[in-house]
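Below: one structure, written as structure tokens.
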Amino acid sequence: MIEGELGSFLRTRREALRPADVGLPTGDRRRTPGLRRAEVATLAGISVDYLIRIEQGRDSRPSPQVLGALARVLQLSPADIDHLQQLAVISNGTELVCQRSRSVPRTVRPTVRAMLDSLDPSPAVVLNHLSDVLAWNDAYERVVRPLGLLDDSQPNVLLYVFGDPRAREAYADWDAVAEDLVASLHEARRGPGEASDLADYLVTEYPEFASRWERKPVGSRRTGTTGLRHPDVGDVWLAFEAMQLADDGQRLLVHLPADADSAAALDRLVGRRPGGLKAVDAG
């Protein structure tokens, strides 16, 4: 790491804030941009001298609690917090224990929504790092709506798989799906925060999640096949590809029929002429 990179990053974010952003009066004319060190130090509960040492790179190993306080005061964006996380790991050799005082973003960029629509008739969905279902196309709706996955106003695949008894019947490979979701949540967890809160809830409520969580599975599949027992068309096997997007851990999941029978079943579900969807070799 470049010497002083952590301190330089924090200094640029301090200089980008205005007093009004943190509820301070604008007051007299300022000779330097942004907030004064004394203002940030007071709001973060640290000494001015300590903040100077951090910014100048003379203390490259501030505690996770100090970094968490600075992240809050400096109103770091999700991308900024992710970068601070990386710098803290490089500097300290340990994960940054920083409560993210923000709600999980559920917005999807217009370009991603347009891409979802363009993928019809292939079922496609956007999930975030907590497996919240954020956006989907018409084909995905036709496939999973009868299974109950979209019944909640803010659907979540983890809560559906472990909390809805219909899920065991819906997934022919329920165990593999459950393992993937637990591994994905393990990968998303970074100290206390949204992923840990969701995991704590699931551990308390669902013993099958708790046993898997205790084993700490990692390496969720980014490609493979999954089977659905669909009430309208019978068994459907889908090949899937998971692609990471550039927003807060969001991923795009695209499905294609894995065999000829599944292709015909999907054609019926999405209202396409026979042969509209071609089976792919998922191997």
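The values are calculated or read from the model by the stated rules, or taken from the named source; none is laboratory data. Everything quoted here is computed from the prediction, not taken from an experiment. Backbone-built Cβ (ideal geometry, glycine too); neighbour counts: all protein chains shown. These accessible areas exclude ligands, DNA and RNA; they are computed on the full protein's heavy atoms, side chains included. Shrake-Rupley method; radii C 1.70, N 1.55, O 1.52, S 1.80 Å.
Points worth noting:
- Set against the 2.2 N^0.38 Å expectation for a compact globular protein, the range 5-92 has a Cα radius of gyration ratio of 1.03.
- Dipole of the chain, positive end: most advanced residue of TRP174, GLN65, GLY227 [Cβ charges, Cα centre]: GLN65
- Taking all protein chains together and rolling a 1.4 Å probe, SER118 ends up with roughly 80 Å² accessible.
- Measuring with a 1.4 angstrom probe and ignoring ligands and nucleic acids, THR204 comes out at about 110 Å² accessible.
- For the chain, the longest principal axis of the alpha carbon atoms and the long axis of helix 78-92 meet at an angle near 70°.
- Solvent exposure of GLU187, expressed as accessible area, is near 80 Å², computed with a probe of 1.4 Å over the protein chains only.
- Relative contact order (%) - criterion: Cα under 8 Å, at least six apart; region: the chain: 14 percent
- Taken per residue, the accessible surface of the chain reaches 50 Å², heavy atoms only and a 1.4 Å probe.
- Sorting GLU179, GLU241 by accessible area puts them as GLU241, GLU179; the probe is 1.4 Å, largest comes first, and only protein heavy atoms count.
- Structure-derived semi-axes √(5λ) of the Cα gyration tensor in Å: which label, when the choices are [x] 30, 25, 18; [y] 37, 29, 13; [z] 46, 20, 16: [z]
- Using a probe radius of 1.4 angstrom, the carbon and sulfur fraction of the accessible surface of the range 5-92 is 50%.
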